[in-house]
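What follows is a short report on a single structure.
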Amino acid sequence: MSSEKQETASVRVLGRWPSPFVIRVLIALGLKGVDHELVEEAVGNKSELLLASNPVHKKIPVLLQHGRPVSESLIIVQYVDEAWASQAPALLPSDPYARAAERFWAQYVDDKFPTAIRVLRGRLDGDKDGKDYFGGDGVGYLDIALGSHLGWIRAVERIAEIRLLDAAKVPKLAAWADRFCAHPAVADAMPEVDRFVEFSVKNDGAVKAASANYK
Ligand SMILES: N[C@@H](CCC(=O)N[C@@H](CS)C(=O)NCC(=O)O)C(=O)O
């Protein structure tokens, strides 16, 4: 086994598949081509490993590399970018100012969803360069922060029979969402909409919670 292989074989993510925060981490690892294992946490019964790995927040996701834990999804995505810096693509720009701006908007997504969608939609509409992604020509940090919610957004659209990303009303955002979800690394990491819908039916509260977030 090459040293690179040993390096990547030892990455585990403590999580649960429906969590957008977990999906973020899986997308980042997929983009970097890092072998990893998703260790599913049981609902309502936090594992000893989770409690020991993230004793402050006790939340998923946690990334474990050689047993060393990294918590908080946005911090994990940045960690993945830096720990596998030699593997393309870069998720954050190299320029410190541009990096700060990406991190600012990603944090805004977490703090002010869904206002953030409206603000970022405006950014896409005002983009004269016609870039494919917030990160430029490829999927980047901010794309991952926002795009990780698309599975749930689409499930809510289907269940509640509403259009949240209507191509007639928000063509650039809708096109971005389609492009993002079709990206091979995203498609691998993002569960099918049907799975979210099925999960919602089985867990009555899930879709109500998701609708409140996304509407
Ligand atoms: N800010 C955290 C949010 C993570 C989060 O909210 N995780 C939820 C699942 S989606 C969780 O672990 N909840 C269990 C709990 O709050 O005890 C991140 O970005 O990683």
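The values are calculated or read from the model by the stated rules, or taken from the named source; none is laboratory data. Remember, it's a predicted structure, so these values are computed and weren't measured experimentally. Here Cβ is always computed from backbone atoms with ideal geometry, including for glycine, and neighbour counts include all displayed protein chains. Ligands, DNA and RNA are stripped out before the accessible areas are found, and what is left, the full protein with its side chains, is counted by its heavy atoms. Shrake-Rupley method; radii C 1.70, N 1.55, O 1.52, S 1.80 Å.
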Identify the residues of the stretch 55-78 with backbone N under 19 Å of a label point that sits 7 angstrom from the Cα of Asn45 along the Cα-to-Cβ direction, or state none.
59-60
What is the antiparallel percent of DSSP beta bridges lying wholly in the chain, to the nearest 5?
70
Quick check for you: which residues of the stretch 60-99 have the amide N under 16 Å from the point 7 Å beyond the Cα of Ser10 toward its beta carbon?
63-70, 83-84
Pull up the cross-link candidates among the lysines for Lys46, meaning alpha carbon to alpha carbon under 26 Å and not fewer than 8 places away within one chain.
Lys58, Lys59, Lys202, Lys208
Share of carbon and sulfur in the accessible heavy-atom surface of the chain [1.4 Å probe, %]
52
Less than 10 Å Cβ to Cβ from Leu49, Lys/Arg counted +1 and Asp/Glu -1: what total charge do the surrounding residues give?
0
By the C-alpha gyration tensor axes a ≥ b ≥ c (rounded if a/c is under 1.5, else prolate when a/b exceeds b/c, else oblate), the shape of the stretch 96-214 is prolate
How about Lys172: which lysines have a C-alpha closer than 19 Å to its C-alpha, ignoring those fewer than 8 places off in the same chain?
Lys128, Lys131, Lys215
Sites matching trypsin sites (Lys or Arg not before Pro) across the stretch 162-207 that sit in DSSP coil, with at most 16 neighbouring C-beta atoms within 10 Å:
Arg163, Lys169
Given 0.36 nm per residue, what is the gain on full extension from Ile75 to Arg123 after removing their alpha carbon distance, in nm?
14.9 nm
Antiparallel as a % of all DSSP beta bridges within the stretch 3-83, to the nearest 5?
65
With an 8 Å Cα cut-off and a minimum separation of 6 or more residues, compute the relative contact order for the chain in percent.
21
What is the Cα centroid distance between the stretch 146-169 and the stretch 68-95, reported in whole angstrom?
28
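Can you tell me the relative contact order of the stretch 17-111? Whole percent, Cα pairs under 8 Å, sequence separation 6 or more.
27
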Could you please report the charge total around Ala182, scoring K, R as +1 and D, E as -1 over all other residues with beta-carbon less than 14 angstrom from its beta-carbon?
-3
Can you work out ³J(HN,Hα) from phi for every residue in the stretch 149-160, in order, using Karplus 6.51 cos²θ - 1.76 cosθ + 1.60 and θ = phi - 60°, giving whole Hz and x for Gly and Pro?
8, 5, x, 5, 4, 6, 5, 4, 4, 6, 6, 8
Once you keep just the Cα pairs under 8 angstrom separated by 6 or more residues, what percentage relative contact order results for the stretch 96-214?
27
Taking a probe of 1.4 Å, how large is the accessible area per residue of the chain, in Å²?
52
